[in-house]
1. Take residues that are open to solvent by 70 Å² or more (accessible area, probe 1.4 Å) and tell me which of the strands (runs of 3 or more DSSP E) falling wholly in the stretch 2-84 contain 1 or more.
2. Name every residue in the stretch 87-138 that is polar (S, T, N, Q) and touching a residue at least 60 places away in the same chain (Cβ under 8 Å), in order of residue number.
3. Of the residues that sit in the stretch 117-141 and are more than 18 Å from the chain's Cα centre (by Cα) and part of a helix (DSSP H, G or I), which one is surrounded by the most Cβ atoms within 10 Å (Cβ to Cβ)?
4. For the stretch 132-144, state whether one or more residues are among the hydrophobic types (A, V, I, L, M, F, W, C) and either away from ligand 2 (no atom under 16 Å from the Cβ) or more than 30 Å from F222 (Cβ to Cβ) (or both).
5. One residue is enough: does the stretch 163-173 have a residue meeting the conditions basic (K, R), part of a helix (DSSP H, G or I), open to solvent by 60 Å² or more (accessible area, probe 1.4 Å) and within 21 Å of A228 (Cα to Cα)?
6. Kindly indicate whether G114 is within 13 Å of ligand 2 (Cβ to nearest atom) and either outside any loop (DSSP other than H, G, I, E, B) or small (G, A, S) (or both).
7. Consider E179 against the criteria (1) surrounded by fewer than 20 Cβ atoms within 10 Å (Cβ to Cβ); (2) assigned to a strand (DSSP E or B): it satisfies all of them except one. Which criterion is unmet?
8. Would you mind stating whether T209 is open to solvent by less than 40 Å² (accessible area, probe 1.4 Å) and without any contact (Cβ under 8 Å) to a residue 40 or more places away in the chain?
Amino acid sequence: MRIALITGATSGIGRATALRLAQDDFNLIITGRRLELLETLKKEIEVKYKKDVLILNFDVRDRKAVEKAIKGLPERWRKIDVLVNNAGLAVGLNHIQDGLIEDWEQMVDTNVKGVLYITRMVSPMMIERGGGHIINIGSIAGTQVYENGNVYCASKHAMHALSQAMRMDMLKNNIKVTEVRPGMLETEFSLVRFKGDAEKAKNTYAGLTPLFADDIAETIYFVLTRPAHVCINDIEVTPVSQANAFNVNRNL
Ligand code: NDP
Ligand code: 8X3
């Protein structure tokens, strides 16, 4: 049985991935800030799939909390085979001259620094055991920039750079690094980006069928089940109605 640690497992891609991997040979370490949602997911996995689940309840922006959680892992949970760096968010959608500093800090601290804090703690444990697989959830915003997306796009460009860097730096350590870059995907993402405005969030997907969290969970499962000598480095996934960050076909 392998062990996967998934950050941001309380909703969206992280939650769907935990459920998908639990159907296979994985025990799971699930993390996030909303403890009650982690507890609900743990129960669901234990009852439906009979897999072991460990909850780590922390904010990825809090370096000391990240270090404490990973250092404090019970011995049997230290053998992490897979790390899914998924926790992340967009907050606000403004021209840069109108941007809110606190939104920028939240995005950079979560999407960039949070990924670094976790990876810095988990990757040496993988190296010590002779290998592992890191899956970074990037975005089409990691290779393209759209108006008003400035800091979110910058944070996902950082994820794109870090994914390539991780692959080079740990090349000799048998660590696979995969960057998964989704396009439009309906989760809590837009609700968070629009700070709770459900109508604006819904309108993001008006006139098209977006991706759903299960689509990316299935992609992650595919990436994880390739033979030992194969690494899928990069994978970009959009709905059929979306060619890139700019061209979207809506039936309105
Ligand atoms: P959701 O909002 O549904 O999920 C985001 C997850 O991240 C939640 O579990 C949330 O948990 C966690 N999270 C956010 N901030 C923190 C934090 N400071 N500390 C710990 N956990 C945190 O969105 P998605 O599932 O869509 O997003 C997952 C990833 O996918 C993100 O990195 C996002 O950028 C990326 N992505 C999303 C796309 C989309 O259109 N939906 C497209 C491309 C990429 P909690 O609030 O409980 O802490
Ligand atoms: C989320 C996709 O297009 O809103 O990363 O940036 S997009």
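The values are calculated or read from the model by the stated rules, or taken from the named source; none is laboratory data. Everything quoted here is computed from the prediction, not taken from an experiment. Every residue, glycine as well, gets a Cβ built from its backbone with ideal geometry; the counts of neighbours run over all protein chains shown. For the accessible areas, the whole protein counts, side chains as well, though only heavy atoms, and no ligand, DNA or RNA atoms are used. Shrake-Rupley method; radii C 1.70, N 1.55, O 1.52, S 1.80 Å.
1. Working: elements: 2-6, 26-32, 53-57.
Because the criterion is at least 1 residues that are open to solvent by 70 Å² or more (accessible area, probe 1.4 Å), the strands (runs of 3 or more DSSP E) in the stretch 2-84 that meet it are 2-6, 53-57.
2. Within the stretch 87-138, the first condition is being polar (S, T, N, Q), and the residues that meet it are 94, 97, 106, 110-111, 119, 123, 136.
Residues satisfying the conditions do not exist here.
3. If we filter the stretch 117-141 for residues that are more than 18 Å from the chain's Cα centre (by Cα), which is where we start, we get 124-131.
Filter once more, keeping what is part of a helix (DSSP H, G or I): 124-128.
Working: P124: 11, M125: 16, M126: 23, I127: 15, E128: 11.
Step by step, filter the stretch 117-141, then rank; the result is M126.
4. Of all residues in the stretch 132-144, those among the hydrophobic types (A, V, I, L, M, F, W, C) come to 134-135, 137, 140-141.
Then drop every residue that is not either away from ligand 2 (no atom under 16 Å from the Cβ) or more than 30 Å from F222 (Cβ to Cβ) (or both), which leaves 134.
Within the stretch 132-144, one or more residues are among the hydrophobic types (A, V, I, L, M, F, W, C) and either away from ligand 2 (no atom under 16 Å from the Cβ) or more than 30 Å from F222 (Cβ to Cβ) (or both).
5. Step one: list which residues in the stretch 163-173 are basic (K, R), which gives 167, 172.
In the following step, the residues that additionally are part of a helix (DSSP H, G or I) were identified as 167, 172.
Now drop any that are not open to solvent by 60 Å² or more (accessible area, probe 1.4 Å), which leaves 172.
Checking which are within 21 Å of A228 (Cα to Cα) leaves us with 172.
Yes.
6. The answer is no for G114.
7. Among (1) surrounded by fewer than 20 Cβ atoms within 10 Å (Cβ to Cβ); (2) assigned to a strand (DSSP E or B), E179 violates only (1).
8. Working: open to solvent by less than 40 Å² (accessible area, probe 1.4 Å): no; without any contact (Cβ under 8 Å) to a residue 40 or more places away in the chain: yes.
No: the conditions fail for T209.
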